[in-house]
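Chemist: First the structure, then my questions, so here it is.
The values are calculated or read from the model by the stated rules, or taken from the named source; none is laboratory data. Keep in mind that this is a model prediction, so the values were computed, not measured. Glycine gets a Cβ as well: all are built from the backbone with ideal geometry, and neighbour counts include every protein chain shown.
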Amino acid sequence: MAQEVDGKWIGWLSQDGKKDTFYYEINIAQNGDGISGVAFSSVNQGKFQARFVLSGVKQGEKMVIQEVEQIEPEKPKWCLKYMTLQSDGAGAYYGDWKADGCTPGKVYLARPGANQDVEEKPFTYVGRWTGHLSQSDRAYGFFYEVNLEPDGTGVATIVSEGNGGTAQIALEWDTLTEAAHLRIIENEVVEKTETNWPWCIKYTELYLTKVDGKYLLDGDWSGHIEGHDSESGPCAPGRMHLERPILKPVNRQRAKEEFDPYQAKFQRKVKIDNVIQVQSKKLRIKVWDNGTVDGDFVTLLLNGKKILDNYRVDKRKWAIPVQVLDGDNFLILHAEDLGDISPNTVAVSIDDGVKEEIIVMSSNLEVSGAILIKPFRFEK
(Lines give C-alpha, C1' and ligand atoms only; values in the text may rest on other atoms or scores of the structure.)
Protein backbone atom coordinates (compact mmCIF):
# COMPACT_ATOMS: atom_id res chain seq x y z
CA MET A 1 0.00 0.00 0.00
CA ALA A 2 1.34 3.43 -0.96
CA GLN A 3 2.40 5.72 1.87
CA GLU A 4 0.11 8.60 2.87
CA VAL A 5 2.01 11.89 2.84
CA ASP A 6 -0.21 14.26 4.87
CA GLY A 7 1.65 16.40 7.38
CA LYS A 8 5.11 17.77 7.99
CA TRP A 9 8.33 16.66 6.27
CA ILE A 10 11.79 18.10 6.95
CA GLY A 11 15.18 17.67 5.35
CA TRP A 12 17.65 19.47 3.15
CA LEU A 13 18.12 20.89 -0.30
CA SER A 14 21.40 21.44 -2.16
CA GLN A 15 22.55 22.97 -5.46
CA ASP A 16 25.06 21.36 -7.78
CA GLY A 17 28.50 22.93 -7.42
CA LYS A 18 27.43 25.21 -4.54
CA LYS A 19 28.81 25.14 -0.99
CA ASP A 20 25.59 26.13 0.81
CA THR A 21 23.07 23.56 2.00
CA PHE A 22 19.47 24.69 2.62
CA TYR A 23 17.12 23.53 5.35
CA TYR A 24 13.88 22.49 3.63
CA GLU A 25 10.46 21.78 5.12
CA ILE A 26 7.01 21.10 3.64
CA ASN A 27 3.58 20.91 5.29
CA ILE A 28 1.14 19.21 2.95
CA ALA A 29 -2.40 17.87 2.71
CA GLN A 30 -3.24 14.94 0.45
CA ASN A 31 -6.65 14.78 -1.23
CA GLY A 32 -6.81 11.63 -3.32
CA ASP A 33 -3.78 11.88 -5.58
CA GLY A 34 -3.58 15.66 -5.19
CA ILE A 35 -1.13 17.47 -2.91
CA SER A 36 -1.29 21.06 -1.62
CA GLY A 37 0.51 22.95 1.09
CA VAL A 38 3.36 25.27 2.07
CA ALA A 39 7.16 24.93 1.79
CA PHE A 40 9.79 26.69 3.93
CA SER A 41 13.51 27.02 3.16
CA SER A 42 16.42 28.68 4.97
CA VAL A 43 20.20 28.95 4.80
CA ASN A 44 23.07 30.28 6.94
CA GLN A 45 21.40 29.23 10.21
CA GLY A 46 18.13 30.94 9.26
CA LYS A 47 19.64 34.29 8.24
CA PHE A 48 18.02 33.96 4.82
CA GLN A 49 14.63 32.26 4.55
CA ALA A 50 11.60 32.05 2.28
CA ARG A 51 8.11 30.52 2.23
CA PHE A 52 6.20 29.16 -0.76
CA VAL A 53 2.78 27.84 -1.77
CA LEU A 54 3.08 24.43 -3.38
CA SER A 55 0.95 21.93 -5.22
CA GLY A 56 1.55 18.50 -6.66
CA VAL A 57 0.47 14.96 -7.16
CA LYS A 58 1.13 11.60 -5.48
CA GLN A 59 1.99 8.91 -8.03
CA GLY A 60 2.41 5.55 -6.31
CA GLU A 61 5.77 5.74 -4.54
CA LYS A 62 6.57 9.18 -5.99
CA MET A 63 5.67 12.76 -5.13
CA VAL A 64 5.79 15.42 -7.86
CA ILE A 65 5.84 18.88 -6.27
CA GLN A 66 5.87 22.40 -7.74
CA GLU A 67 6.39 25.61 -5.75
CA VAL A 68 3.88 27.92 -7.47
CA GLU A 69 4.29 31.19 -5.53
CA GLN A 70 6.74 32.83 -3.12
CA ILE A 71 4.78 34.13 -0.10
CA GLU A 72 7.69 35.79 1.70
CA PRO A 73 9.90 37.69 1.54
CA GLU A 74 8.72 40.06 -1.14
CA LYS A 75 12.33 40.48 -2.28
CA PRO A 76 14.69 38.98 -3.25
CA LYS A 77 13.03 36.31 -5.35
CA TRP A 78 14.07 32.70 -4.69
CA CYS A 79 14.00 29.77 -7.09
CA LEU A 80 10.51 28.34 -7.64
CA LYS A 81 11.42 24.67 -7.60
CA TYR A 82 9.96 21.67 -9.38
CA MET A 83 10.89 18.29 -7.90
CA THR A 84 10.21 14.61 -8.41
CA LEU A 85 10.75 12.64 -5.21
CA GLN A 86 11.03 8.86 -4.91
CA SER A 87 10.27 6.88 -1.74
CA ASP A 88 13.34 5.10 -0.36
CA GLY A 89 11.12 2.32 1.03
CA ALA A 90 11.99 3.28 4.61
CA GLY A 91 9.77 6.30 5.09
CA ALA A 92 11.79 9.05 3.40
CA TYR A 93 11.72 10.73 -0.02
CA TYR A 94 14.63 11.91 -2.15
CA GLY A 95 15.24 13.17 -5.67
CA ASP A 96 16.23 16.05 -7.94
CA TRP A 97 14.87 19.57 -8.27
CA LYS A 98 15.14 22.20 -10.98
CA ALA A 99 13.90 25.74 -11.58
CA ASP A 100 13.99 28.24 -14.41
CA GLY A 101 17.17 30.33 -14.26
CA CYS A 102 18.59 28.37 -11.28
CA THR A 103 21.28 25.76 -10.82
CA PRO A 104 19.51 22.42 -10.12
CA GLY A 105 20.21 20.16 -7.17
CA LYS A 106 19.11 17.43 -4.76
CA VAL A 107 16.45 17.25 -2.06
CA TYR A 108 15.79 14.84 0.82
CA LEU A 109 12.75 14.77 3.15
CA ALA A 110 11.73 12.63 6.12
CA ARG A 111 9.24 12.78 8.97
CA PRO A 112 10.43 14.87 11.98
CA GLY A 113 12.31 12.70 14.44
CA ALA A 114 12.56 9.77 12.03
CA ASN A 115 15.72 7.74 12.64
CA GLN A 116 16.14 6.51 9.11
CA ASP A 117 19.16 4.56 7.97
CA VAL A 118 20.27 7.37 5.67
CA GLU A 119 22.90 10.08 5.61
CA GLU A 120 22.18 12.80 8.15
CA LYS A 121 22.92 15.65 5.75
CA PRO A 122 23.64 16.20 2.07
CA PHE A 123 27.02 15.98 0.51
CA THR A 124 29.32 18.97 0.88
CA TYR A 125 33.04 19.36 0.27
CA VAL A 126 33.30 21.35 3.51
CA GLY A 127 35.05 19.48 6.33
CA ARG A 128 37.87 17.03 6.86
CA TRP A 129 39.28 14.69 4.19
CA THR A 130 42.19 12.32 4.79
CA GLY A 131 44.38 10.29 2.49
CA HIS A 132 47.78 10.33 0.87
CA LEU A 133 49.75 11.59 -2.08
CA SER A 134 52.63 10.21 -4.10
CA GLN A 135 55.43 11.94 -5.98
CA SER A 136 57.04 10.64 -9.15
CA ASP A 137 60.65 11.04 -7.93
CA ARG A 138 60.19 9.30 -4.55
CA ALA A 139 59.71 5.71 -3.49
CA TYR A 140 57.68 6.73 -0.43
CA GLY A 141 54.40 8.58 -0.03
CA PHE A 142 52.99 11.33 2.17
CA PHE A 143 50.09 11.33 4.58
CA TYR A 144 47.81 14.19 3.48
CA GLU A 145 44.78 15.75 5.14
CA VAL A 146 42.71 18.82 4.27
CA ASN A 147 40.18 20.76 6.29
CA LEU A 148 37.96 22.80 3.95
CA GLU A 149 36.09 25.82 5.31
CA PRO A 150 32.73 27.12 3.97
CA ASP A 151 34.33 30.38 2.78
CA GLY A 152 36.59 28.61 0.26
CA THR A 153 39.73 28.59 2.43
CA GLY A 154 41.33 25.76 4.37
CA VAL A 155 44.45 24.12 5.72
CA ALA A 156 46.35 21.07 4.52
CA THR A 157 48.45 18.88 6.82
CA ILE A 158 51.19 16.84 5.19
CA VAL A 159 53.52 14.30 6.82
CA SER A 160 56.67 13.14 5.04
CA GLU A 161 57.52 9.47 5.28
CA GLY A 162 61.09 10.62 4.60
CA ASN A 163 62.88 13.23 6.69
CA GLY A 164 60.64 16.25 6.20
CA GLY A 165 58.50 16.03 9.31
CA THR A 166 55.12 17.75 9.24
CA ALA A 167 53.80 20.96 7.66
CA GLN A 168 50.61 23.02 7.68
CA ILE A 169 49.80 24.71 4.37
CA ALA A 170 47.12 27.38 3.79
CA LEU A 171 44.91 26.73 0.76
CA GLU A 172 41.96 27.90 -1.29
CA TRP A 173 39.37 25.63 -2.87
CA ASP A 174 36.39 25.80 -5.18
CA THR A 175 34.20 23.69 -7.44
CA LEU A 176 34.89 23.96 -11.15
CA THR A 177 31.65 22.80 -12.73
CA GLU A 178 28.25 21.44 -11.80
CA ALA A 179 29.84 18.00 -11.95
CA ALA A 180 31.60 16.53 -8.93
CA HIS A 181 34.92 18.27 -9.45
CA LEU A 182 37.06 20.04 -6.83
CA ARG A 183 40.09 22.31 -7.22
CA ILE A 184 42.62 22.87 -4.41
CA ILE A 185 45.27 25.58 -4.62
CA GLU A 186 47.86 25.69 -1.83
CA ASN A 187 49.16 29.19 -1.03
CA GLU A 188 51.93 29.08 1.56
CA VAL A 189 53.48 27.00 4.32
CA VAL A 190 52.30 28.46 7.63
CA GLU A 191 54.00 26.00 9.98
CA LYS A 192 56.55 23.18 9.71
CA THR A 193 58.61 21.05 12.06
CA GLU A 194 61.75 20.86 9.87
CA THR A 195 62.75 24.43 9.02
CA ASN A 196 65.20 23.41 6.28
CA TRP A 197 62.82 21.06 4.46
CA PRO A 198 61.45 22.63 1.23
CA TRP A 199 57.82 21.67 0.67
CA CYS A 200 55.94 21.70 -2.62
CA ILE A 201 53.10 24.21 -2.98
CA LYS A 202 50.54 22.12 -4.83
CA TYR A 203 47.72 22.57 -7.33
CA THR A 204 45.24 19.79 -8.01
CA GLU A 205 41.91 19.06 -9.65
CA LEU A 206 40.15 16.11 -8.02
CA TYR A 207 37.22 14.03 -9.25
CA LEU A 208 34.59 12.72 -6.86
CA THR A 209 33.22 9.19 -6.71
CA LYS A 210 31.05 7.42 -4.15
CA VAL A 211 31.73 3.76 -3.39
CA ASP A 212 31.24 1.31 -0.52
CA GLY A 213 30.12 3.82 2.09
CA LYS A 214 32.64 6.58 1.39
CA TYR A 215 33.38 9.50 -0.88
CA LEU A 216 36.66 9.43 -2.81
CA LEU A 217 38.57 12.33 -4.36
CA ASP A 218 41.35 11.42 -6.80
CA GLY A 219 43.50 13.34 -9.24
CA ASP A 220 46.96 14.43 -10.36
CA TRP A 221 48.82 17.28 -8.70
CA SER A 222 51.65 19.58 -9.77
CA GLY A 223 53.43 22.40 -8.00
CA HIS A 224 56.55 24.36 -7.17
CA ILE A 225 58.99 24.44 -4.25
CA GLU A 226 58.15 27.05 -1.63
CA GLY A 227 60.01 30.30 -2.28
CA HIS A 228 60.03 29.63 -6.04
CA ASP A 229 57.50 29.55 -8.87
CA SER A 230 56.62 26.94 -11.49
CA GLU A 231 59.43 28.16 -13.73
CA SER A 232 62.28 28.51 -11.24
CA GLY A 233 61.47 25.59 -8.94
CA PRO A 234 58.99 23.03 -10.27
CA CYS A 235 58.25 19.96 -8.17
CA ALA A 236 58.09 16.45 -9.53
CA PRO A 237 54.32 15.86 -9.95
CA GLY A 238 52.29 13.10 -8.36
CA ARG A 239 48.91 11.65 -7.52
CA MET A 240 46.54 12.64 -4.69
CA HIS A 241 43.86 10.54 -2.98
CA LEU A 242 41.44 11.78 -0.32
CA GLU A 243 38.41 10.16 1.22
CA ARG A 244 35.66 10.71 3.75
CA PRO A 245 33.31 8.13 5.27
CA ILE A 246 29.54 8.30 4.83
CA LEU A 247 28.12 7.83 8.30
CA LYS A 248 24.43 7.14 8.84
CA PRO A 249 22.65 7.86 12.12
CA VAL A 250 22.89 4.21 13.17
CA ASN A 251 26.67 4.26 12.46
CA ARG A 252 27.12 7.40 14.53
CA GLN A 253 25.20 5.93 17.45
CA ARG A 254 27.27 2.75 17.37
CA ALA A 255 30.46 4.80 17.13
CA LYS A 256 29.44 6.87 20.15
CA GLU A 257 28.78 3.73 22.20
CA GLU A 258 32.17 2.35 21.16
CA PHE A 259 34.24 5.53 21.49
CA ASP A 260 32.85 7.03 24.73
CA PRO A 261 34.70 4.61 27.08
CA TYR A 262 37.94 5.01 25.07
CA GLN A 263 37.72 8.81 25.04
CA ALA A 264 36.98 8.92 28.77
CA LYS A 265 39.92 6.64 29.59
CA PHE A 266 42.57 8.21 27.36
CA GLN A 267 41.24 11.77 27.03
CA ARG A 268 41.56 11.58 23.27
CA LYS A 269 39.02 12.16 20.53
CA VAL A 270 38.38 9.52 17.87
CA LYS A 271 37.78 10.41 14.22
CA ILE A 272 36.59 7.88 11.65
CA ASP A 273 38.67 8.49 8.53
CA ASN A 274 37.79 5.43 6.45
CA VAL A 275 35.01 2.93 5.78
CA ILE A 276 35.78 -0.55 4.48
CA GLN A 277 33.22 -3.11 3.40
CA VAL A 278 34.41 -6.72 3.70
CA GLN A 279 32.96 -9.93 2.31
CA SER A 280 33.97 -12.21 5.17
CA LYS A 281 33.88 -11.95 8.95
CA LYS A 282 37.31 -13.63 9.13
CA LEU A 283 39.96 -11.03 8.35
CA ARG A 284 43.72 -10.65 8.41
CA ILE A 285 44.89 -7.22 9.55
CA LYS A 286 48.50 -6.24 8.83
CA VAL A 287 50.39 -3.22 10.11
CA TRP A 288 53.78 -1.79 9.10
CA ASP A 289 55.71 1.46 8.56
CA ASN A 290 55.46 2.30 4.88
CA GLY A 291 58.00 5.12 5.06
CA THR A 292 61.03 5.94 7.17
CA VAL A 293 61.14 3.82 10.35
CA ASP A 294 61.05 6.53 13.02
CA GLY A 295 60.24 4.67 16.22
CA ASP A 296 56.44 4.68 16.22
CA PHE A 297 54.82 2.61 18.97
CA VAL A 298 51.15 1.80 18.42
CA THR A 299 48.26 -0.16 19.88
CA LEU A 300 45.39 -1.39 17.71
CA LEU A 301 41.94 -1.87 19.23
CA LEU A 302 39.14 -3.70 17.46
CA ASN A 303 35.72 -3.10 19.05
CA GLY A 304 37.41 -1.96 22.25
CA LYS A 305 39.75 -4.98 22.56
CA LYS A 306 43.50 -4.81 21.97
CA ILE A 307 44.66 -6.90 19.03
CA LEU A 308 48.15 -5.33 19.03
CA ASP A 309 49.71 -3.86 22.17
CA ASN A 310 52.46 -1.22 22.31
CA TYR A 311 54.06 -2.50 19.10
CA ARG A 312 57.10 -0.80 17.57
CA VAL A 313 56.25 -0.49 13.90
CA ASP A 314 58.90 -1.33 11.31
CA LYS A 315 59.11 -2.46 7.69
CA ARG A 316 57.92 -5.98 8.49
CA LYS A 317 54.21 -6.58 8.03
CA TRP A 318 52.79 -7.89 11.30
CA ALA A 319 49.67 -9.95 10.56
CA ILE A 320 46.81 -10.41 13.02
CA PRO A 321 43.90 -12.82 12.32
CA VAL A 322 40.59 -11.44 13.64
CA GLN A 323 36.88 -12.08 13.36
CA VAL A 324 34.45 -9.16 13.11
CA LEU A 325 30.82 -8.83 14.13
CA ASP A 326 27.78 -8.81 11.85
CA GLY A 327 27.24 -5.07 12.35
CA ASP A 328 29.60 -2.10 12.61
CA ASN A 329 33.17 -2.76 13.72
CA PHE A 330 35.68 -0.10 14.72
CA LEU A 331 39.47 -0.34 14.43
CA ILE A 332 41.27 2.39 16.43
CA LEU A 333 44.93 3.31 16.00
CA HIS A 334 46.21 4.41 19.42
CA ALA A 335 49.58 6.22 19.39
CA GLU A 336 51.71 5.09 22.33
CA ASP A 337 54.73 7.09 21.16
CA LEU A 338 54.98 9.51 18.26
CA GLY A 339 58.52 8.55 17.27
CA ASP A 340 60.63 11.14 15.48
CA ILE A 341 57.89 12.40 13.14
CA SER A 342 54.50 13.59 14.38
CA PRO A 343 51.72 12.55 13.92
CA ASN A 344 52.06 8.79 14.09
CA THR A 345 51.35 7.37 10.61
CA VAL A 346 51.34 3.66 9.80
CA ALA A 347 50.09 1.52 6.94
CA VAL A 348 47.26 -0.89 7.74
CA SER A 349 45.87 -3.49 5.37
CA ILE A 350 42.61 -5.38 5.77
CA ASP A 351 42.37 -8.64 3.84
CA ASP A 352 39.04 -10.49 3.69
CA GLY A 353 40.32 -13.32 1.48
CA VAL A 354 38.84 -11.72 -1.64
CA LYS A 355 40.66 -8.40 -1.71
CA GLU A 356 43.19 -6.51 0.37
CA GLU A 357 42.72 -2.80 1.03
CA ILE A 358 45.62 -0.65 2.28
CA ILE A 359 45.06 2.53 4.30
CA VAL A 360 47.49 5.00 5.87
CA MET A 361 46.20 5.73 9.37
CA SER A 362 47.20 8.72 11.47
CA SER A 363 47.01 9.37 15.22
CA ASN A 364 48.59 11.68 17.78
CA LEU A 365 48.28 12.20 21.52
CA GLU A 366 45.04 14.20 21.13
CA VAL A 367 43.19 12.46 18.28
CA SER A 368 43.10 8.77 17.31
CA GLY A 369 42.25 7.70 13.78
CA ALA A 370 39.71 4.93 13.23
CA ILE A 371 38.30 2.71 10.49
CA LEU A 372 34.69 1.56 10.27
CA ILE A 373 34.61 -2.06 9.03
CA LYS A 374 31.25 -3.24 7.69
CA PRO A 375 30.58 -6.84 6.60
CA PHE A 376 28.87 -6.90 3.22
CA ARG A 377 25.26 -8.00 3.20
CA PHE A 378 22.49 -7.99 0.64
CA GLU A 379 19.77 -5.46 1.39
CA LYS A 380 16.27 -6.92 1.51
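Chemist: Out of curiosity, is Ser41 crowded, with 19+ Cβ neighbours inside 10 Å, part of a strand (DSSP E or B) and either of a type in the set (S, T, N, Q) or modelled with pLDDT of 85 or more (or both)?
Modeler: On the way: crowded, with 19+ Cβ neighbours inside 10 Å: yes; part of a strand (DSSP E or B): yes; either of a type in the set (S, T, N, Q) or modelled with pLDDT of 85 or more (or both): yes.
Yes, satisfied.
Chemist: Another question, then. For Leu247, indicate whether it is surrounded by fewer than 15 Cβ atoms within 10 Å (Cβ to Cβ), out of contact with any Cys (no Cβ under 9 Å at 6 or more places or on another chain) and not in a helix (DSSP H, G or I).
Modeler: In short, no.
Chemist: Further question: Condition (residue is free of Cβ contacts under 8 Å to residues at least 40 places away in the same chain, in contact with a Lys or Arg (Cβ under 7 Å, 6 or more places away or on another chain), surrounded by fewer than 16 Cβ atoms within 10 Å (Cβ to Cβ) and in a strand (DSSP E or B)) applied to region 206-213: is it met by at least one residue?
Modeler: No: zero hits.
Chemist: Free of Cβ contacts under 8 Å to residues at least 40 places away in the same chain and not assigned by TED's automatic domain parsing to the domain that holds Leu148: is that true of Asp260 in this structure?
Modeler: Answer is yes for this residue.
Chemist: Let me spell it out: the conditions are (1) modelled with pLDDT of 90 or more; (2) under 25 Å from the mean Cα position of the chain (by Cα), and Lys256 meets all of them except one. Which number is the exception?
Modeler: (1)
Chemist: Continuing with this model, one more query. Residues that are buried (at least 18 other Cβ atoms within 10 Å of the Cβ), touching a helix residue (DSSP H, G or I) at 6+ places or on another chain (Cβ under 8 Å) and at pLDDT 85 or above: which strands (runs of 3 or more DSSP E) entirely in region 285-368 hold 2 or more of them?
Modeler: 329-337
Chemist: Restricting attention to region 215-265, which residues are out of contact with any strand residue (DSSP E or B) (no Cβ under 8 Å at 6 or more places or on another chain) and of a type in the set (Phe, Trp, Tyr)?
Modeler: none
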